[in-house]
Amino acid sequence: MYAIVEIAGQQFKVERGNKVYVHRLEANEGADIEFEKVLLIDNAGKIQVGNPTVDGAKVAATVITHVRGDKVIVFKKKRRKTTQKWNNHRQHFTQILIQGVLAKGETVKEVLKVEKREVRLASPKYIKPTVTAEVAEVKVEKKAPAKKAAPKKAAAKKVTKKKD
């Protein structure tokens, strides 16, 4: 299940467990937040498109940390005018962890319970092992390195000069 949600003026495709960098949000680290501008929800092929948003849908997330992006260099120059300007910029971001996509009337706790049940049923310790075929031993014999053949001598060509 994924959703397209608008966060801080940008659209992101999110699903449960994704970590997303968004423009700086006014929330403390560890805070739980919800985004209500959900534009589209895809639930196993069943797509709901909003007009402009899906009714009652939300995306629940947790703020992980506030970080700064890579340095962007801004250099402006006018040729033959001895004019140039140098500037730098680092954007502020917030890293969030998507807890779940909530349809109308759902809560985060309900979604997490369903997800845990599905994970438990699909975990390897609940899956019956299949019988595998036995592998026979294979002996590899090493061959002696091949001797290099001596290069063939080119036949000498006789060059005769004609007298005029």
query: For residues in the stretch 36-62 being of a type in the set (A, V, I, L, M) and surrounded by fewer than 16 Cβ atoms within 10 Å (Cβ to Cβ), which is farthest from the chain's Cα centre (by Cα)?
result: Val49
query: Which ones in the stretch 9-35 are surrounded by fewer than 13 Cβ atoms within 10 Å (Cβ to Cβ) and assigned to a loop (DSSP other than H, G, I, E, B)?
result: Gly9, Gly17, Glu26, Asn28, Glu29, Gly30, Ala31
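Bear in mind that the values in this text are calculations on the coordinates, not laboratory data. Just so it is clear, the model here is predicted, and its values are computed rather than measured. Cβ atoms come from the backbone with ideal geometry, glycine included; neighbour counts cover every protein chain shown.
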